[in-house]
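The values are calculated or read from the model by the stated rules, or taken from the named source; none is laboratory data. Everything numeric here is computed off the predicted structure, so don't read it as measured data. Every residue, glycine as well, gets a Cβ built from its backbone with ideal geometry; the counts of neighbours run over all protein chains shown. Please note that ligands, DNA and RNA were not included when accessible areas were found on the heavy atoms of the full protein model with its side chains. Shrake-Rupley method; radii C 1.70, N 1.55, O 1.52, S 1.80 Å.
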Amino acid sequence: DTAVSQTPKYLVTQMGNDKSIKCEQNLGHDTMYWYKQDSKKFLKIMFSYNNKELIINETVPNRFSPKSPDKAHLNLHINSLELGDSAVYFCASSQGRGSDGYTFGSGTRLTVV
Amino acid sequence: DQQVKQNSPSLSVQEGRISILNCDYTNSMFDYFLWYKKYPAEGPTFLISISSIKDKNEDGRFTVFLNKSAKHLSLHIVPSQPGDSAVYFCAASGLTGNTGKLIFGQGTTLQVKP
């Protein structure tokens, strides 16, 4: 019974395409996040939503648009994909503002060719 | 500007011995620290945390030590087991503003040899 599930696990696409990554959590948490792990293995926060409200937006290009239809879902839509967008994207959730441990999904490896 | 640093990219220890993973931070506003463990093709898994009001927190084989004056924390694993082989990430959070944002280090790959 997966706590934080994200789909797809792998995504290979061409430059210029638009793609979406979906995330769902069944933990009843009220805060969800998107993190990006780049080629240097750094995990960096992109967005955070608390009860469907955007609370963190870290200088991410506006080609990236998160959408939270309800507090159990946080999807990431990326327009006009670029080579530099290739990375592993992790969804996570936490209860409250998340100073306790987050629960992460297993990641989506995006490769832009 | 990397506020959380793990200067050792890798560490190799023998099974049964102690593993010590280190982490340094620069922002004095950080007051909550966490360690995550990550296996290949999986997401990071929360391991242990420590608040800045403490200098030690223990959970089974895992102990985290915090030295605020040195802005340094370490994770001790005793005894190390082959299943502990993974990438370990240190993370820090500032409760001021309470945004719940975690800043991660770049990770240390631990290999425990049987």
Worksheet item: Any idea what log10 I(q)/I(0) is at q = 0.14, 0.27 Å⁻¹ for the stretch B:40-96, Debye with uniform C-alpha scatterers and no solvent?
Response: -0.44, -1.28
Worksheet, complete the sentence: The simple spin-label model distance between B:LYS113 and B:MET29, using points 7 Å out along Cα→Cβ, in nm, is 4.5
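Express the accessible area of chain B per residue in Å², computed with a 1.4 Å probe while the remaining protein chains stay in the model.
Values: 5420 Å² over 114 residues.
I get 48 Å² per residue for chain B.
Quick one: buried accessible area between B and A, total over both chains, 1.4 angstrom probe, nearest 100 Å²?
The buried area between B and A, both sides summed, comes to about 1700 Å².
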Worksheet item: Could you state the number of Å between the C-alpha centres of the stretch A:47-108 and the stretch B:29-47?
Response: 17
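Ignoring any ligand, DNA or RNA, what whole percent of the accessible area of chain B comes from carbon and sulfur when the probe is 1.4 angstrom? Let's see the in-between values first.
On the way: 2690 of 5420 Å².
Percent of accessible area from carbon and sulfur atoms in chain B: 50.
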Worksheet item: log₁₀ I(q)/I(0) of the stretch B:1-68 at q = 0.17, 0.23 Å⁻¹, via Debye over equal Cα point scatterers, no solvent, to two decimals?
Response: -0.75, -1.30
Worksheet, complete the sentence: Computed on Cα atoms, the radius of gyration and Dmax of chain B in angstrom are 13.6, 45
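Over chain A, with every protein chain in place, what whole percent of the accessible area is carbon and sulfur at 1.4 Å, could you tell me?
Values: 2560 of 5420 Å².
Within chain A, the accessible surface is 47 percent carbon and sulfur.
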Worksheet item: Hull surface divided by four, with the convex hull built on the Cα atoms of chain A: how many nm²?
Response: 6.5
Worksheet item: For B:LYS54, which lysines qualify as cross-link partners when the Cα separation must be under 24 Å and same-chain residues fewer than eight apart are set aside?
Response: B:LYS5, B:LYS37, B:LYS68, B:LYS71, B:LYS101
Fill in: Among B:PHE89, B:THR63, B:GLN2 the positive-end extreme of the charge dipole of the stretch B:1-102 (Cβ point charges)
B:GLN2
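Give, in whole angstrom and from largest to smallest, the semi-axes √(5λ) of the equivalent ellipsoid of the protein assembly as shown, with λ running over the eigenvalues of the Cα gyration tensor. Numbers along the way, then the final one.
Values: eigenvalues 175, 81, 52 Å².
Ellipsoid half-lengths, sorted descending, are 30, 20, 16 Å.
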Item to complete: Could you work out how far the C-alpha centroid of the stretch A:9-25 sits from that of the stretch B:53-84, in angstrom?
Response: 37
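To the nearest 0.05, how large is the calculated FRET efficiency for A:SER65 and B:GLU15 if R₀ is 41 Å and r is the Cβ-Cβ distance? Walk me through the numbers on the way to the answer.
Details: r = 47 Å, r/R0 = 1.16.
Result of the calculation: an efficiency of 0.30.
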Worksheet item: In a GNM of chain B with a 10 Å cut-off on Cα contacts, which of B:VAL64, B:VAL78, B:VAL87 has the highest mean-square fluctuation?
Response: B:VAL78
Worksheet item: Can you tell which of A:THR59, A:THR13, A:THR103 shows the greatest fluctuation in a Gaussian network model of chain A with Cα springs below 10 Å?
Response: A:THR59
Response to the item:
Which of B:GLY60, B:GLY83, B:GLY16 fluctuates most in a GNM of chain B (C-alpha springs under 10 Å)? That residue is B:GLY60
Worksheet item: What accessible area per residue comes out for the stretch A:1-105, rounded to a whole number of Å², with a 1.4 Å probe?
Response: 48
